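S.K.: One structure, pasted below without further comment.
The values are calculated or read from the model by the stated rules, or taken from the named source; none is laboratory data. Predicted, not measured: the structure shown is a model, and the values here were computed from it. Don't worry about glycine lacking a Cβ; one is built from the backbone with ideal geometry, like all the others, and counts go over all protein chains shown.
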Amino acid sequence: MTELSKSGAAVGGPTTASPSTAFLEVRDLKVHFPTDDGLVKSVDGLSFKLEKGKTLGIVGESGSGKSVTSLGIMGLHTAGQYGKRKAQISGEIWLDGTELLSADPDHVRKLRGRHMAMIFQDPLSALHPYYTIGQQIVEAYRIHHNVDKKTARRRAVEMLDRVGIPQPDKRVDSYPHEFSGGMRQRAMIAMSLVNNPELLIADEPTTALDVTVQAQILDLIRDLQKEFGSAVVIITHDLGVVAELADDILVMYGGRCVERGPAEKVFYEPRHPYTWGLLGSMPRLDREQQERLIPVKGSPPSLINVPSGCAFNPRCPYADVPKDNATRTVRPELTEVGSRHWAACHMSQEQRERIWTEEIAPKL
Amino acid sequence: MTTQRTSGRRKQAVAAAAVVAALLTTAACGGGDDSGDKGSKSGAAGFDAANNKVAQASQAKKGGTLRFGGAQDADSWDTTRGYYGFMWDFSRYYSRQLVTNKPAPGKEGATVTPDLATDVAKVSDDGKTYTYTLRDGITWEDGKPITSKDVKYGIERVWAQDVLSGGPTYLKEVLDPKDEYQGPYKDKSADKLGLKAIDTPDDKTIVFHLPKANSDFEDMLALTSGSPVRQDKDTKSKYQLRPFSSGPYKFESYNPNKDLTLVRNTEWKQASDPVRKAYPDKITVKFFTNANELDQRLINGDLDLDINQTGLSPQGRTTALKQHKENLDNPVSGFIRYATFPQIVKPFDNIHCRKAVIYGADHVSLQTARGGPLAGGDIGTNMLPPAVPGAEGQSYDPYELAGANKSGSAAKAKEELKACGQPNGFKTTIAVRNNKPVEVATAQSMQASLKKVGINAEIDQYDGSQYGGIIGSPANVKKKGYGIIIMGWGPDFPSAQGYGAPLWDSRYILESGNNNFAMIDDKSVDGLFDQFSTTLDAAGKTKIATELNHKIMDGAYYLPFVFEKFVNWRSSNLANVYTSDGYSGMYDFVNLGLKNPK
Amino acid sequence: MLAYLIRRLFAAAVMLVVIILVVFGIFFLVPKWAGVDIATSFVGKQADPAAVEAVRVKLGLNDPIYAQVWEFFKGIFAGRTYAAGGDVTHCAAPCFGYSFRTEQAIWPVLTDRFPVTLGLALGAAVLWLIFGVAAGVLSALKRGSLWDRGAMVIALSGVSLPIYFTGMIALSVFAFSLKWFDAEYVPLSENFGSWFGGMILPWITLAFLYAAMYARITRATMLEILGEDYIRTARAKGLREQTVIGKHAMRSTMTPILTMLGMDLGALIGGAVLTESTFNLPGLGREVLTAIKTQDLPIILGVVLITSLAVLIANLVVDILYAVIDPRVRLA
């Protein structure tokens, strides 16, 4: 994880761009949806890199564009879009040396499930209710491997065993509704990993689960990542989920990245008021007084009429700290605030350091 | 989605109702001019060419299949049980009677002619004994001869009303008024021929003994219910599915409400039958539930004629009148459509109030509601159908309904109201069958014109299929206050007695199933019926009929709407076609032939 | 699955008995309480008291109710004997009585008419399933396109236009004017070609209405299913789009379609009254229409029972298919 291309808008087209050397690199990704009310700019110029064996946590409220980003990487905005209102996608997504947005859709389809796989938020609705767990895993395996059903089934049982499902040879014939929530998510993970994908995207993998199961699932993802050596993107609204898992954290707000850096930096030296808010709303087991939990006030911005200036300004308690009114007129660019640590805020480094150490950190 | 499906269903239900309504309708609006049309390119005889005259008799050839279509099957093909006019007409294909209607057009068709018998009856002077001798060579479909005992057994079946209900019971009433005979199925005698009123001294002779003379007796014998039935072939209630033939054709197959096929009865001999020409080799009847499709097939030439003979439906009629007028006839049906005033409902006990309604109504608009001059008929001016001997048609018009008062006379109506003691009018209820849209239309027409003279009539649409218990029950009529009842009536056989007795004779007033809706209780009317029964000569009967009609009209018990007419279709391939008053203006089926047998 | 099947079968059998009881009640007991004499309405035009009494005896209307119910059941399962006025008739099982207008035994009439209606319903169902579902799926996939709008306008007209209207148009255009088809019914047993030719117009007309309904429901369901998470999962696995639509989405879309099909087929077998009347097909619907017109209660009763049975069987089949398609149902 090294440089961040800031001048994404200048990139003319994928063919003229220099190929990425990173395992996964997203350059100035824009995903816009035309609707009756106007253009929804779900993701508006996002860039990042991820290497194999590393984990990136993308954090943000719902509607911040994190899930859209993940679906964009998987190519799921174009596949299955029927009718006139298709998503408009621009930018570049490099996976292992291939640019996905300009690639043949059928080629991308073959990468899906094989080289990049996804774990969805709600395993009950994400698994087909009419097929057994085994059938669904076997299907995922056989589409990319030319093997007979028996072999595929053995593979499915093996995967179920590996994700910790008891009696996998029996449970393989169960239907999703016959599983508990945690078991379903394990099965979902087994299905995602059946092809040993190099990139695993987990979209809110634990949101639908209760706390104890959450920890188990997160442990499982970590263990499997070690075993397979994949790159993992975990998408969550809960910083706590990625606290121990992620190498890097990317905080999204209003379709853009507002802060990004190594996990320990983002946790202990955050440099964006929104990140502060997220930290404040994070339930922590070591917290002494629960009532000090401070949620981010207000609601996420409209993605059709994004507030001018800093998109976070209507909710930011420090919007008036910079005296030049730039907060409301100029969109802040990501600036390096530390080693491999970037944030997009109009306040000066000193102001932010001071506010963090004096006002925010003591309350957490 | 759910909503969508529901609305789809509802539409179907509505549509189903509409179809049912359309099927129940026989006539509605219509019109057109009467200008005749001689012959045509298609070979059809021309408009009204077969109405009361024979069309293209010489062109009939032997052979081929005569194709009937119909919207309604017969009530029963059992000769004892059928009551529909077309059934009586059609039944002559497979049944013969001692005497039958003469195969001739118009009025002549209403006279009787010998059939199984060598001659019409030898009647004793007192009019109580009728003797017939049977012809030679008359046979059943299995070749066995038809005997006088078969005729007697056939007539005896009329007594078995508990098993064979539905048909006319005149013979039973005339021959056994005290209801002594139990019918052949409960007959204790070995030969089951226990009816005392009929003697069969030998196989060729049959003698009828009437307890009381009845001048219409031979007309009654001419009905289909006078047909012979052979005891060993009598399947009782199931006889109607396969009657055993005495006529030129026999049943080949019959599926009720679906189809019927008759083929030649090879045992029948032309020489033994002076009545039936039996041109075609085969006769088929196909029943339709969709009257429009039936009309379409008639017009298309897929069928030769409508077995029901109740006229084309409005849509088909319009097309046919425009494009195929030469294939149409416009005969008088024998029915009179009318309103009648129960005297038990006030203020209709007063003749002036009855007259007020007669004068107040708009007769042209009533005729239009019935379907206009062609499909509805001529404005009715009295109560005797034109085909009945003694009828004078429109020339007898005591209330000038087709003349000066044809659009109603408010002045005269007001005058009558004053005389009735109701100068400001009154309120009453019109009872009309809900399953006859045309009758509902006439009720609405009456309601509108009566309102103008101050008579406010409400319309009550009752369940038409149950009319016998509703308007047929005087107690109910009184309770509901039905001052005006809309009905229609046609003669079973063209006789003032057959037509009028149930309507006008006080002795026919019943607690249920009553037809004397006006509750006419006039000893002089009853007397005329008695006199009619014993008058054997035709001229005398005619005179009494006329007198009866005048008496009824003088009493102002009825407001006639129309002398009903139909617009009937005849295919261009039909030959020897004529309407017969014996069958209420229907074509005489039994002598129809085809020009190009196929 | 077996337990489910047994449960359904048992429920169907119970329903059948209940239906017979209800039908019996409607036809024999309700008129009695309402003060209408069935015997009189059977006799018809001339209500001769002797005839009315004979019918009463014949029908057993003078017997106590339990005896009547027993005779009715006995007739259906073992046959019964009618006797009145010296006319004795044995009615073999399954005895639904005799038509009081035509004196035909009801059961042979029903078995004669049934194949006509079955042929009509099944033939039309094949057509409407193929065209309705295909049109619905295409519309959903090309949502908002000219094709989608066009198809849905046609579907709307198909749903709105009554059969007797489309039927009469079809008849007068294709049968009477163009003479492409012979609109005459020929029994299948007589000649397959003629039967098929005669059935084409009724099939198309009936299928037009239903295809429209099926297209609409297929489109709506498909659109709903395409938004499901598991469809996204299927794509995320790298499945081909035709597999995603044809296998994953279709299987879910089939569930409501199947439910509808079961109901519709059951109802149609009970009598496609309008289609049969319009095209003069001698099926159950036409038979019951005639019976209603002539107040022939035994025929109506027979058709109602057959209809109920058809709906019952159709529902049973749907329930079983449902369980095959949706494993969650098997537990229910």
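S.K.: Take residues that are acidic (Asp, Glu) and under 27 Å from residue B:136 (Cα atoms) and tell me which of the helices (runs of 4 or more DSSP H) falling wholly in region B:146-227 contain 2 or more.
M.R.: B:148-156, B:217-221
S.K.: Take the residues in region C:272-283 that are at the interface with chain B (Cβ under 8 Å from one of its Cβ atoms) and closer than 16 Å to residue C:112 by Cβ, then tell me which one is farthest from the chain's Cα centre (by Cα).
M.R.: Only one residue fits best here, namely C:280.
S.K.: Within region A:94-111, how many residues turn out to be within 13 Å of chain C (Cβ to nearest Cβ) and out of contact with any His (no Cβ under 9 Å at 6 or more places or on another chain)?
M.R.: 6
S.K.: Just one of B:225, B:148 is under 30 Å from residue C:82 (Cβ atoms) and among the hydroxyl-bearing types (Ser, Thr, Tyr); which is it?
M.R.: Among B:225, B:148, only B:225 is under 30 Å from residue C:82 (Cβ atoms) and among the hydroxyl-bearing types (Ser, Thr, Tyr).
S.K.: Which fully enclosed helices (runs of 4 or more DSSP H) of region A:107-177 have 1 or more residues being surrounded by fewer than 19 Cβ atoms within 10 Å (Cβ to Cβ) and in contact (Cβ under 8 Å) with a residue 40 or more places away in the chain?
M.R.: A:123-126, A:149-162
S.K.: Could you grab me the full set of residues in region B:522-546 that are without any contact (Cβ under 8 Å) to a residue 60 or more places away in the chain and either in a helix (DSSP H, G or I) or within 20 Å of residue B:340 (Cα to Cα) (or both)?
M.R.: Once the filter is applied, which keeps residues that are without any contact (Cβ under 8 Å) to a residue 60 or more places away in the chain and either in a helix (DSSP H, G or I) or within 20 Å of residue B:340 (Cα to Cα) (or both), region B:522-546 yields B:522, B:523, B:524, B:525, B:526, B:527, B:528, B:529, B:530, B:531, B:539, B:540.
S.K.: Now a separate question. Looking at C:140, C:155, C:54, which is the one that is under 30 Å from residue B:513 (Cα atoms), within 14 Å of chain B (Cβ to nearest Cβ) and hydrophobic (A, V, I, L, M, F, W, C)?
M.R.: Among C:140, C:155, C:54, only C:54 is under 30 Å from residue B:513 (Cα atoms), within 14 Å of chain B (Cβ to nearest Cβ) and hydrophobic (A, V, I, L, M, F, W, C).
S.K.: Restrict the check to region C:231-240 and report whether at least one residue is within 14 Å of chain A (Cβ to nearest Cβ) and either within 22 Å of the chain's Cα centre (by Cα) or of a type in the set (S, T, N, Q) (or both).
M.R.: Among the residues of region C:231-240, at least one is within 14 Å of chain A (Cβ to nearest Cβ) and either within 22 Å of the chain's Cα centre (by Cα) or of a type in the set (S, T, N, Q) (or both), which makes the answer yes.
S.K.: Going through C:227, C:246, C:266, C:238 one at a time, which residue ends up being at positive phi and assigned by TED's automatic domain parsing to the domain that holds residue C:131?
M.R.: C:238
S.K.: While we're looking at this one, here's another question. Which one is surrounded by the most Cβ atoms within 10 Å (Cβ to Cβ) among residues in region B:159-185 that are more than 8 Å from every other protein chain (Cβ to nearest Cβ) and aliphatic (A, V, I, L, M)?
M.R.: So the residue we want is B:164.
S.K.: Ok, one more. Could you tell me which residue of region B:327-360 is nearest to the chain's Cα centre (by Cα), considering only residues that are crowded, with 24+ Cβ neighbours inside 10 Å and of a type in the set (Lys, Arg)?
M.R.: Step by step, filter region B:327-360, then rank; the result is B:337.
S.K.: Further question on the same structure: Only one of C:269, C:325, C:313, C:306 is more than 13 Å from every other protein chain (Cβ to nearest Cβ), touching a residue at least 60 places away in the same chain (Cβ under 8 Å) and surrounded by fewer than 20 Cβ atoms within 10 Å (Cβ to Cβ); which?
M.R.: On inspection, the qualifying residue turns out to be C:313.
S.K.: Kindly evaluate residue B:222 against the criterion of being in contact (Cβ under 8 Å) with a residue 24 or more places away in the chain, aliphatic (A, V, I, L, M), surrounded by 21 or more Cβ atoms within 10 Å (Cβ to Cβ) and within 14 Å of another protein chain (Cβ to nearest Cβ).
M.R.: For residue B:222, the condition - in contact (Cβ under 8 Å) with a residue 24 or more places away in the chain, aliphatic (A, V, I, L, M), surrounded by 21 or more Cβ atoms within 10 Å (Cβ to Cβ) and within 14 Å of another protein chain (Cβ to nearest Cβ) - is not met.
S.K.: On to the next question. Would it be correct to say that residue C:253 is within 9 Å of chain A (Cβ to nearest Cβ) and modelled with pLDDT of 90 or more?
M.R.: So residue C:253 fails the test.
S.K.: For residue A:20, indicate whether it is surrounded by fewer than 19 Cβ atoms within 10 Å (Cβ to Cβ), among the hydroxyl-bearing types (Ser, Thr, Tyr) and over 15 Å from residue A:260 (Cα atoms).
M.R.: Spelling it out, it is not the case that residue A:20 is surrounded by fewer than 19 Cβ atoms within 10 Å (Cβ to Cβ), among the hydroxyl-bearing types (Ser, Thr, Tyr) and over 15 Å from residue A:260 (Cα atoms).
S.K.: Is it the case that residue B:144 is within 27 Å of residue B:273 (Cβ to Cβ), buried (at least 20 other Cβ atoms within 10 Å of the Cβ) and at pLDDT 95 or above?
M.R.: The answer is no for residue B:144.
S.K.: Still on this model: Give, as residue ranges, the strands (runs of 3 or more DSSP E) completely inside region B:44-136 that count at least 3 residues that are farther than 20 Å from residue B:495 by Cβ.
M.R.: Filter on region B:44-136 gives B:65-70, B:129-133.
S.K.: Taking into account only those residues within region B:449-477 that are among the charged types (D, E, K, R) and within 29 Å of the chain's Cα centre (by Cα), which is farthest from residue B:411 (Cα to Cα)?
M.R.: B:463
S.K.: Can you name the condition, by its number, that residue C:146 falls short on among (1) within 14 Å of chain A (Cβ to nearest Cβ); (2) of a type outside the set (Lys, Arg); (3) in contact (Cβ under 8 Å) with a residue 40 or more places away in the chain?
M.R.: (3)
S.K.: Please find, among B:469, B:464, B:488, the residue that is more than 14 Å from chain C (Cβ to nearest Cβ), under 26 Å from residue B:444 (Cβ atoms) and surrounded by fewer than 20 Cβ atoms within 10 Å (Cβ to Cβ).
M.R.: One residue alone meets the criteria, B:488.
S.K.: How many residues are more than 8 Å from chain C (Cβ to nearest Cβ), of a type outside the set (Val, Ile, Thr) and either under 21 Å from residue C:283 (Cα atoms) or surrounded by fewer than 22 Cβ atoms within 10 Å (Cβ to Cβ) (or both) when one looks only at region B:298-309?
M.R.: Counting residues in region B:298-309 that are more than 8 Å from chain C (Cβ to nearest Cβ), of a type outside the set (Val, Ile, Thr) and either under 21 Å from residue C:283 (Cα atoms) or surrounded by fewer than 22 Cβ atoms within 10 Å (Cβ to Cβ) (or both) gives 2.
S.K.: Residue A:208 is checked against (1) over 15 Å from residue A:120 (Cβ atoms); (2) outside any helix (DSSP H, G or I); (3) small (Gly, Ala, Ser) and fails just one. What number does that condition carry?
M.R.: (1)
S.K.: How do the pairs read when you match residues in region B:473-485 that are at positive phi and in contact (Cβ under 8 Å) with a residue 12 or more places away in the chain with residues anywhere that are of a type outside the set (Asp, Glu) and surrounded by fewer than 21 Cβ atoms within 10 Å (Cβ to Cβ), using Cβ under 7 Å and keeping only pairs 6 or more apart or on different chains?
M.R.: Listed pairs, sorted by first residue: B:481/B:429.
S.K.: Does region C:211-220 hold any residues that are buried (at least 24 other Cβ atoms within 10 Å of the Cβ) and not basic (Lys, Arg), and which are they?
M.R.: C:211, C:212, C:214, C:215, C:218
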